[in-house]
Amino acid sequence: KWQIFGESLPVPQTDWYQWSVTRFGGNITPDITGPQNLTKPSSRTAPYFLSGDFTTTGTWTIPAGEKLTLVVNGNMTVASPIAVGANGFFAMIVKGNITIDPRVGVIEGVYITSPTGTISTGLSTNPGTEQLVARGVFGGGIISLERNLSSLGANATTPSEVFTYEPSFLMSMPEALKDMPISWEEVAP
């Protein structure tokens, strides 16, 4: 539950994986099946549908202005850095869990699991050298912060994980993913 001004509120339970599948027609034939190591697919505005468990390989760079969306029926391990250029877009919408390898230092984009999924920052194997800098939008049933900088005595002064909210990804996402009905109403002061 969320706490706002001392009041407990229910956590939203939107299943973004199911929303994505429904949004694109329901019965989706996978573009890629796993389990497998996954090199960066070509950029395109339509999402790639993946079925199975995947691990990213090689550094992924989404060039300025390009789009890449992965909708994964399974689990995803981020084992390589992911960078997004200006006005570019990257999203990973996963039915299962997203695990970030502790050797990965920087990721950018939109990372979402289903309400029962977990985003794990990865257990430190070499404490002190594994700070995670994550820029974008992150949401999951559970977000598990697992990194540790204790071997440098830095836990008190340096965060093991730095998350920076980047709303520009919401503006640069493909039109097909934008479905946010907003109603504006003027209210007298």
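The values are calculated or read from the model by the stated rules, or taken from the named source; none is laboratory data. Keep in mind that this is a model prediction, so the values were computed, not measured. Ideal geometry is used to build each Cβ from the backbone, glycine not excepted, and the neighbour counts take in all protein chains shown. Quick note on the areas: whole protein, heavy atoms, side chains included, nothing else; ligands and nucleic acids left out. Shrake-Rupley method; radii C 1.70, N 1.55, O 1.52, S 1.80 Å.
Quick notes
- Exclusive hit being modelled with pLDDT of 90 or more and in a loop (DSSP other than H, G, I, E, B), set 137, 110, 104: 104
- Counting only strands (runs of 3 or more DSSP E) that sit wholly inside the range 1-55, those with at least 1 residues that are over 23 Å from residue 122 (Cα atoms), at pLDDT below 80 and open to solvent by less than 70 Å² (accessible area, probe 1.4 Å) are 7-9.
- Count of the range 148-184 residues which are modelled with pLDDT of 70 or more and either in contact with a strand residue (DSSP E or B) (Cβ under 8 Å, 6 or more places away or on another chain) or assigned to a loop (DSSP other than H, G, I, E, B) (or both): 20
- For the range 38-54, the set of residues classified as under 18 Å from residue 100 (Cα atoms) and touching a residue at least 40 places away in the same chain (Cβ under 8 Å) consists of 53 only.
- Among residues of the range 31-69 being touching a Leu at 6+ places or on another chain (Cβ under 8 Å) and of a type in the set (D, E, K, R), the one that is nearest to residue 170 (Cα to Cα) is 44.
- Filter result (open to solvent by 10 Å² or more (accessible area, probe 1.4 Å), in a strand (DSSP E or B) and farther than 20 Å from residue 44 by Cβ) within the range 73-98: 77
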